[in-house]
Structures are given as structure tokens and as C-alpha cells.
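To start, the structure itself, in C-alpha cells.
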Amino acid sequence: MYVDTIDLKDLLLKQTTVDTSSLTITEDLELESDLELDFLDIVEICIVIDEKHNILIPNEEIEKFKTVKDMVDSIKSKYMKKNPNIDEIWFGF
């Protein structure tokens, strides 16, 4: 089994302005209301992921992200298509 890592958790924690001392990142968190991320914050996270992993997520798709799970599903789908030998991706949570 081949596993790769995209540390989305760290990227989300670095970008959010909420107190992260008691925050647990889970897929059901709302990007805007729970993490207080706006569109540009999310774009910045996606740019870092693209630079590190060559996964381009179009702005039209980013606009549809409401939860962490939406991001995970999009990244995972694109990454698995480019890397068919990878069985799983660890996102840090």
C-alpha cells in the first residue's frame, strides 16, 4: 500500500485567524464559519498545494468549497488521477 501526505491540516491552521489551541480539524468543519477563511485564504492554500504537489484547482471549483471535506475530496480526486500508484493520501487529520 502506497500512502502520500498532503498536510492540509497545517495549511488550514496557518491560514485561520481563530484560536487554534482547542481546535480540532475535522472534515465537517465549515471553512467560512468555523475556520473564518474567506475565498482568498482558500485560494492561498490551494496555491501552496499546487506548488508542492502539482494539483491545480480552478477558482470555479474553489468557490464551491464549503467544508474541509469539499477540499479533501477535490484534492484527493485530482491527486489520485495524477498518481495512480498511490492508494491513500494522509491529510494530517
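The values are calculated or read from the model by the stated rules, or taken from the named source; none is laboratory data. Quick caveat: nothing in here was measured; it's all calculated off a predicted structure. We place every Cβ from the backbone using ideal geometry, glycine too, and count neighbours over all the protein chains shown. Only protein heavy atoms, including side chains, enter the accessible area calculation; ligands, DNA and RNA are left aside. Shrake-Rupley method; radii C 1.70, N 1.55, O 1.52, S 1.80 Å.
For (1) open to solvent by 100 Å² or more (accessible area, probe 1.4 Å); (2) in contact (Cβ under 8 Å) with a residue 60 or more places away in the chain; (3) touching a helix residue (DSSP H, G or I) at 6+ places or on another chain (Cβ under 6 Å), each residue gets a yes or a no:
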site	(1), (2), (3)
D50	no, no, no
I57	no, no, yes
E60	yes, no, no
I86	no, yes, no
Query raised in the report: Right, E36: part of a loop (DSSP other than H, G, I, E, B), out of contact with any Leu (no Cβ under 9 Å at 6 or more places or on another chain) and either under 15 Å from I89 (Cβ atoms) or hydroxyl-bearing (S, T, Y) (or both) or not?
Result: no
Query raised in the report: Does I42 satisfy the condition of being surrounded by 11 or more Cβ atoms within 10 Å (Cβ to Cβ), under 13 Å from the mean Cα position of the chain (by Cα) and not in a helix (DSSP H, G or I)?
Result: no
Query raised in the report: Hey, any hits in region 2-24 for a residue that's closer than 21 Å to M80 by Cβ, of a type in the set (F, W, Y) and in contact (Cβ under 8 Å) with a residue 12 or more places away in the chain?
Result: yes
Query raised in the report: In region 61-80, how many are of a type in the set (S, T, Y) and touching a Phe, Trp or Tyr at 6+ places or on another chain (Cβ under 6 Å)?
Result: 0
Query raised in the report: Which members of region 10-33 meet the condition of being open to solvent by 100 Å² or more (accessible area, probe 1.4 Å) and either touching a Ser or Thr at 6+ places or on another chain (Cβ under 7 Å) or not in a loop (DSSP other than H, G, I, E, B) (or both)?
Result: K14, D28
**Report entry** Among residues of region 62-84, those that are open to solvent by less than 60 Å² (accessible area, probe 1.4 Å) and either part of a helix (DSSP H, G or I) or on the phi > 0 side of the Ramachandran plot (or both), counted
**Finding:** 11
